[in-house]
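Asks: Attaching a single structure in structure tokens format; questions to follow.
The values are calculated or read from the model by the stated rules, or taken from the named source; none is laboratory data. This one's a predicted model, so the numbers in the text were calculated from it and none came from an experiment. Counting neighbours? That spans all protein chains shown, and the Cβs are built from the backbone with ideal geometry, glycine included.
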């Protein structure tokens, strides 16, 4: 028997349930599948990854997580048009439930699929850079009027802040600006408190990730896009976690735990319950094989 073997019946049952739900939502006009996105291919890729994913006790998540939570995580992935193969999302187990975590790249990808969005850009502001803003009293919009970065100013120890711009067909449609103090306060909400390897060694990328996540979340929740899409967006919103970092799993588990406390986990009306997902049979995986499955992610991949 090869490593990480999971019965094909298990995969077929859950993926068919998810595909059926997606097709039903699409038929009703409640969900638009992104152009060029194959739900079937994404589900197959996700299931292959799940078959090799273990929880913090090194047990296969396909055995320890409820069938409903697995189906809901896969459903959230497809609704957002995310690809685990492209590192746009990850799966993490906590308390017997599987959670979909959207990465920084996934957040950008989903936002670019919202109505009127062409692109998402972010930049760090370093000491010595020229940066000016202007507030429009009539529109109540803060606008960046000047940004003149200089190559010689680039120094991760001298970052003053960062900004993100969501670009529409005719220019910026949403701008988010954060000082470095605000960014660090955001990092302090996580388990690693902004002291992880990624925060220390790739400060500029982590700062851009933080401001992008804030900008995209604000824009998404004030847009007129499908409630189903925005619901999935918020379900998998675990801003500011990084790949290939020893603190990542703890950070994610901490945030998931907080969401479970707030009774948000698996509460979406379009999702699955244990009663609605077909029973599946699992094939036992030898302990020796499981020991080789501890690594969940690769990176750092910003």
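Asks: Kindly provide the set of residues from the range 73-98 that are within 10 Å of the chain's Cα centre (by Cα) and either farther than 16 Å from residue 232 by Cα or not assigned by TED's automatic domain parsing to the domain that holds residue 36 (or both), ordered by number.
Replies: Residue satisfying the conditions is 87 alone.
Asks: From the set of residues in the range 175-192 that are in a helix (DSSP H, G or I) and in contact (Cβ under 8 Å) with a residue 12 or more places away in the chain, which is farthest from residue 142 (Cα to Cα)?
Replies: Of the range 175-192, the ones in a helix (DSSP H, G or I) are 180-187.
With the extra rule that they be in contact (Cβ under 8 Å) with a residue 12 or more places away in the chain, the set shrinks to 180, 182-183, 186-187.
Details: 180: 18, 182: 17, 183: 19, 186: 21, 187: 24 Å.
Checked the range 175-192; the qualifying residue farthest from residue 142 (Cα to Cα) is 187.
Asks: Kindly list the number of the only condition in (1) at pLDDT below 95; (2) surrounded by 14 or more Cβ atoms within 10 Å (Cβ to Cβ) that fails for residue 125.
Replies: So the condition that residue 125 fails would be (1).
Yes/no per residue for (1) surrounded by fewer than 17 Cβ atoms within 10 Å (Cβ to Cβ); (2) modelled with pLDDT of 90 or more:
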position	(1), (2)
92	no, no
111	no, yes
119	yes, yes
129	no, yes
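Asks: Now for a separate question. For residue 196, are the conditions met, namely being modelled with pLDDT of 60 or more, surrounded by fewer than 19 Cβ atoms within 10 Å (Cβ to Cβ) and farther than 23 Å from residue 63 by Cα?
Replies: no
Asks: If you take the residues in the range 209-247 that are within 13 Å of residue 198 (Cβ to Cβ) and either within 13 Å of the chain's Cα centre (by Cα) or at pLDDT 85 or above (or both), which one is surrounded by the fewest Cβ atoms within 10 Å (Cβ to Cβ)? Show your work before the answer.
Replies: At the first step, the residues of the range 209-247 found to be within 13 Å of residue 198 (Cβ to Cβ) are 209-210, 240-247.
Next cut, either within 13 Å of the chain's Cα centre (by Cα) or at pLDDT 85 or above (or both) only: 209-210, 240-243.
Numbers: 209: 26, 210: 26, 240: 22, 241: 26, 242: 24, 243: 17.
Filtering the range 209-247 for residues that are within 13 Å of residue 198 (Cβ to Cβ) and either within 13 Å of the chain's Cα centre (by Cα) or at pLDDT 85 or above (or both), the one surrounded by the fewest Cβ atoms within 10 Å (Cβ to Cβ) comes out as 243.
Asks: Here's a follow-up. With (1) surrounded by 12 or more Cβ atoms within 10 Å (Cβ to Cβ); (2) out of contact with any helix residue (DSSP H, G or I) (no Cβ under 9 Å at 6 or more places or on another chain); (3) within 27 Å of residue 109 (Cβ to Cβ) as the list, and residue 203 as the residue in question, which single condition is left unmet?
Replies: Against the list (1) surrounded by 12 or more Cβ atoms within 10 Å (Cβ to Cβ); (2) out of contact with any helix residue (DSSP H, G or I) (no Cβ under 9 Å at 6 or more places or on another chain); (3) within 27 Å of residue 109 (Cβ to Cβ), residue 203 comes up short only on (2).
Asks: Being under 30 Å from residue 84 (Cβ atoms) and either more than 23 Å from the chain's Cα centre (by Cα) or assigned by TED's automatic domain parsing to the domain that holds residue 81 (or both) narrows it down to one of 173, 125, 156, so name that one. Talk me through it step by step, then tell me what you get.
Replies: Numbers: 173 fails: either more than 23 Å from the chain's Cα centre (by Cα) or assigned by TED's automatic domain parsing to the domain that holds residue 81 (or both); 125 fails: under 30 Å from residue 84 (Cβ atoms).
Residue meeting the stated conditions: 156.
Asks: Which helices (runs of 4 or more DSSP H) does the range 27-136 wholly contain that include 3 or more residues that are in contact with a strand residue (DSSP E or B) (Cβ under 7 Å, 6 or more places away or on another chain) and under 30 Å from residue 151 (Cα atoms)? Steps first, answer last, please.
Replies: On the way: elements: 39-50, 61-64, 67-80, 104-111.
Ranges flagged: 104-111.
Asks: Kindly list the number of the only condition in (1) assigned to a helix (DSSP H, G or I); (2) under 21 Å from residue 112 (Cα atoms); (3) at pLDDT 90 or above that fails for residue 22.
Replies: Of everything listed in (1) assigned to a helix (DSSP H, G or I); (2) under 21 Å from residue 112 (Cα atoms); (3) at pLDDT 90 or above, residue 22 misses just condition (3).
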